[in-house]
Every structure is written in C-alpha cells, then in structure tokens.
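To start, the structure under review is shown below, and the notes come after it.
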C-alpha cells in the first residue's frame, strides 16, 4: 500500500515523437482504480487524472500539504535530482543507487554525469533558490531540474555534405523554429500569388469547423438557431402534417447536416442546418418509384467555363433555398419528428406532403419542377447534357448549368443576368452568391491568363482526416512500374477506411488528371483491400501534399480548336491481362476531358489495344463536338487525334491488316467512317510527348512533371 496524496512520478508515453521529452511526469497519488491494474495519479500540470502501472513514489512528500512543503523543500531537492534520470528514461537501477547515496560529492559523481560548462553549478543553485522562494505554489514545489543535453550531428554524417531539415540539423539550429515537424505544410503551399480579397475568402472557408453530429451542434447557439429556422421554414412551406402512424406503415428517420455558407468576400453569410431524411430505409414500390435525376457533368462545367473565359463573359452562381421542398410528393411517406424537437409522450409522426432532402425521389421531383420553370422562361434544354439550359435572343446569350440546387449562370450581358435572377426569384427563393468562386468543392481563381480550378481545401481535408499533415511527401503518386494484384496472402486492412479514401480521391480527379491512373487502379481493390493497397493509396496522399494547390488552367488565349490524345497499355492488368485505355481532350489549350479505364476484352496485339483506345476516344470527341455546337462554338475543321502507334493509324486510314482486325470489325468501321467524314484526323506523335501516357501507366517524377506542364496543370499555391 502506498501513502495517499504523496508525490509520484508516472511514466510519460505521450512524447510527441521527441526523444528528449521527459519520460516521467509529476503527479499526486490518489488511490487505486476499480477493476484495473495500476495507480490513479493526478497530473498537477495538465489538471487531469491518469491511470498508470509505471509509477515512482516519494512517500514522505505531499505536494498539497502546505506546512510540509517548508520542511521538506531542502530535503527533497536531492531526491528530485535523483528522479531526474528516471524521468529522462534512464536505468532504474542507477536511480535507486543514487537515491541512497545522498552524500555523494561532485567529484565522486563525475563519472556518472556529463561534463557541465563553467557556471552551471551557480545556475543550478540559483534555480534551487528560486524553487525555495516559491514554496507557496504547490504546482512548482518540486519541479525536476533538467539540464539541456548538448545536441550534435551524428558521427557517421560528419564526413558528408548533408542538408537536414531544421528540426534535425543540430549543428545549425533555428533560434525560433515554429514547429518540430520535419515536413510542415508551409513548405508546400503558399498564398502569395493571390489578391487580398481572395486570401480572405480562402481563409474563411478554412477557418470554420462544421459539426458532424446533433450532439456537437447543440452546444452552439448559432447552430441551435439555424435548426429552429429550418424547422420554421419547413412548417411554413407545409412540408408535413402531424398524424398518427397507420397500421402497416413504417416511419423513416432523419438527421441534421450542417454547413457554413460564405459570401464572395469571405464573410460568413449564414449557418445552415439542413434536415435530411434517411431515405435508405425506403422500400421501392411502396414509398418511392422512379429516382433518376440528371446532374451537370463536370466535363460540361469545365467546357462551359473555358469557353466563357475566352469570350470574357460574366460568370455568376446561384443557390436555391430549400430546393427539394418545392418538389411535389405523390407517394405516402411518414417520417419521425426531427431530433431535438420531440415532445414528451408524443406519438404522432410527420406525414410528408412535399419532398424533403434525403428522400430517394426528392431530386427527381425537384429537377422536373426547376426545368419546367426554365422552359417557361424561354430556355431550351441541351440534348448533349440535359442539365444545361440555353437561352438566345439576338446577340444576348444565357446559359444555366444545374447541379441539384446549385446553378451556374453565364451571360454576355450584365443586365440580362439581373433579369434572369429576378425571374427565378419570383418562382423560387434564390440566393445570389455573386461571381463564381467556389462550386461543389472546386475553388475558382481568376488570373490575367485565365481561370484556375483547384481543390486545395478538399485536399487539405483528406490530409487531416488521414492524419498525414506531417508525412514525408512523394514526387509521384505511384511507384514507376508497379503492378498491383489481389495480394491474397497479405493482411487485410480496414475496408471502410480504404473505401472512404478511394471515394474521396475519385472526386479529386475533377481537377487532378495527374492522379487519374493511380486512383483507377486502387479502386479495383475496394472489396478486399490489403496492406499493399493501403500503402499505395497512402503514397497518393503523400503526393497530394507535394501538390496541394495544383489544378487546371483554363486560358484566355489558345483559340477554340479541339485536340485529342489517346494511348493504351497492352495487357496492363496482371489479373485479367486486359489492356488499359487513356485519352485526354484539350479545348483551346484547356484540359476539359480525360479518362483512364480498363478495356472490356483482352486484346491480341498492341495494335488492337491502341485501336480500341482510339475508338473510345472518337466516341468522346463526337459527343464533345455536339456539345460545342450547342454552345455556339462549332468545330469547322477535323479534330486532330494524336496516337503514337503507327499500325493503329494505318488501320484507321486504310482497310489494312485484315488478320489483326477481322474480330474488331465494328470498331474499325466506326473510326474509319469518322475519318472519311473529315471529323477525325489521326496524327503521329512521339511516345515521349504523348500526354495520354500519364493515364495508362505509373511514371517517374521527371516524366510526370514534364507531362503535367503539357496538360495545362498549374499550381498557384506553389511556394516561391
């Protein structure tokens, strides 16, 4: 049994990676925990309770006994010194030997201690005097005396010219080093290239943490008020009526989703709390039928923005308040009363009269409601992309791109923009967000050369969630020549974590064609991921740290000519021996469409694999030319298709190599017809200059860097 409330030092495991951090921390013994082996120690510095098995007791010292402190202050100065070695992680045998030898002089102890510089004894006496003067403060009574160990460069590195990070360069230490992280984020991201207003906006979207649960949000009055406003708006809109649940019916549940909305200048516009129904519990044929609703393709968004930049038109963004509530609900759906608003002994549920977020049919109902409104205003729905609406009257041109309740409007007349906003506001409650800056997690930055689309904040969120903010960066996303298989003999990893990471990387491809191949390969193993797969995915995240603010440039210059690149990796998949197709489309120097996909069948030759890749690229080119025609940017000349395989180009131009092509006759006729109709012009390109090579195989750092520049990928956040 140990003496209650005596001085104790417990073993400190939380050293934060610093091997010079003290291993023993000061505390007070408060007894034994129930059902657990160890001792209860109160940490006087952090003001919290600790349970530890590794504890050293000073049973005749009581930090919280004021009278005792004056008596034992001088007595235990030596004892604290004896405990110093244990705190540093030294040998406990030496500690006990030193404890029973209080009269050991400086000369006798010289062989056990490092040589101290002149004056260190006086400094120690001075420090001890300060401790005795402050005996009335219990927390500082017996603070252990530690002398800084002299740091020096390792002996095996002294004969080499080594550049170490500031936290490891002991020979030339920084006087005021802000962090001990070897690879801090500040070395890989900069904001010097942005205007003051844009810096304020970027800081605003980074600075506000959004709660992830109702319990967390209920601690903040701002979110409580936001939830009350949401419920009030739903009731005023007649979204539901309270009724008893009929027999045979099941009420679905709901949850709260929280979002901070910002103004174009970066200020907080409002705290938005949205009530979302858990539609995954709905039964098909009972409380929902059709669910499909088109949304804007990211290819269409990039194409529209690149065309608008070249024409120097206005780009604005709108948000429809409570968009799904405007949809009419035909099915009979019941929902439980929202969390936080239930009353005691309440048995009624909400009978939904209108659509609400989360219902399977909600997006479809809203899409039909909004599109019918745009058609009545004179807009014409695009055939190439049903989410694109175009209105032309004389020289005035208006285009609206819809992604659920987020709308991008581009026009060549500022007065027409205001008129369109007013007409939509008369039908729905529209929130004008001003010039486009942030859309679906994509940051839009304007420069003299054009527009840059990036996902900096989204990438930072991935690093934070993975706990890799201080990781060692990588120069390329996947090791060159790496071929991943199922790795069935390796240990399994958390499939949920792996799928979440791969899913987030898939959306990151919207502005990052340089990781498209790596993410496509990793997505093949989401069913049963292994350790090797997780390590490869982690390498992609390490590469993202090197290129945090990297995105695509949509330049003003460059014309409106469409150019395409296609490539293949013959038998690139080690599991199925199928080849991989990769294509890349550029519109006036702006990267607008790219893809990396495994082919559906096995190719018998590299020429066949290249030709199948060419056929897939031609399909994308034809759709793209169709879209440009609707956007009043028709392609008068044939689209140049660069391919580095001579046999594939000969097959496209002439009916040759019958033995190689008789089993791919459909693709042969499809491509050849488009070549004869002057829509496609196959051209030769060297393999070293083939941009699509980045989409079919893992490349090294130098070649990767060269191709990303040709792709129009830029990094405004690169440190200078």
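The values are calculated or read from the model by the stated rules, or taken from the named source; none is laboratory data. For clarity, every value in this text was computed on a predicted model and none was experimentally measured. Positions of Cβ are generated from backbone atoms using ideal geometry, with glycine treated the same way; all protein chains shown enter the neighbour counts.
Between 516, 532, 547, which is surrounded by fewer than 19 Cβ atoms within 10 Å (Cβ to Cβ), assigned by TED's automatic domain parsing to the domain that holds residue 462 and under 25 Å from the mean Cα position of the chain (by Cα)?
Of 516, 532, 547, the one residue that is surrounded by fewer than 19 Cβ atoms within 10 Å (Cβ to Cβ), assigned by TED's automatic domain parsing to the domain that holds residue 462 and under 25 Å from the mean Cα position of the chain (by Cα) is 532.
The condition (being in contact with a helix residue (DSSP H, G or I) (Cβ under 6 Å, 6 or more places away or on another chain) and at pLDDT below 90) is satisfied by just one residue among 283, 329, 377, 318: 377. Among the candidates 10, 42, the residue that is without any contact (Cβ under 8 Å) to a residue 60 or more places away in the chain and farther than 30 Å from residue 182 by Cα is uniquely 42.
Is it the case that region 473-480 has a residue that's within 26 Å of residue 568 (Cα to Cα) and free of Cβ contacts under 8 Å to residues at least 24 places away in the same chain?
Within region 473-480 (the criterion being within 26 Å of residue 568 (Cα to Cα) and free of Cβ contacts under 8 Å to residues at least 24 places away in the same chain), the answer is no, since none of the residues qualifies.
Among the conditions (1) assigned to a helix (DSSP H, G or I); (2) touching a residue at least 24 places away in the same chain (Cβ under 8 Å); (3) buried (at least 16 other Cβ atoms within 10 Å of the Cβ), the only one that residue 368 does not satisfy is (3).
Counting residues that are closer than 25 Å to residue 441 by Cβ, which strands (runs of 3 or more DSSP E) fully inside region 217-283 reach at least 2?
Numbers: elements: 240-243, 254-262, 268-277.
Strands (runs of 3 or more DSSP E) meeting the threshold: 254-262, 268-277.
Taking the listed residues 310, 336, 380, the one that is within 19 Å of residue 276 (Cβ to Cβ), surrounded by fewer than 22 Cβ atoms within 10 Å (Cβ to Cβ) and touching a strand residue (DSSP E or B) at 6+ places or on another chain (Cβ under 9 Å) is 336, with no other qualifying. Can you find a residue in region 545-557 that is part of a helix (DSSP H, G or I) and in contact with a helix residue (DSSP H, G or I) (Cβ under 7 Å, 6 or more places away or on another chain)? The answer is yes; a qualifying residue exists. Considering region 457-472, the residues that are in contact (Cβ under 8 Å) with a residue 24 or more places away in the chain and over 8 Å from the mean Cα position of the chain (by Cα) include one that is farthest from residue 718 (Cα to Cα), namely 466. Only a single criterion out of (1) in a loop (DSSP other than H, G, I, E, B); (2) in contact (Cβ under 8 Å) with a residue 40 or more places away in the chain is not satisfied by residue 351, namely (1).
Do you know which residues across region 409-466 are surrounded by fewer than 20 Cβ atoms within 10 Å (Cβ to Cβ) and assigned to a loop (DSSP other than H, G, I, E, B)? Within region 409-466, 412, 413, 428, 429, 440, 441, 447, 448, 449 meet the criteria.
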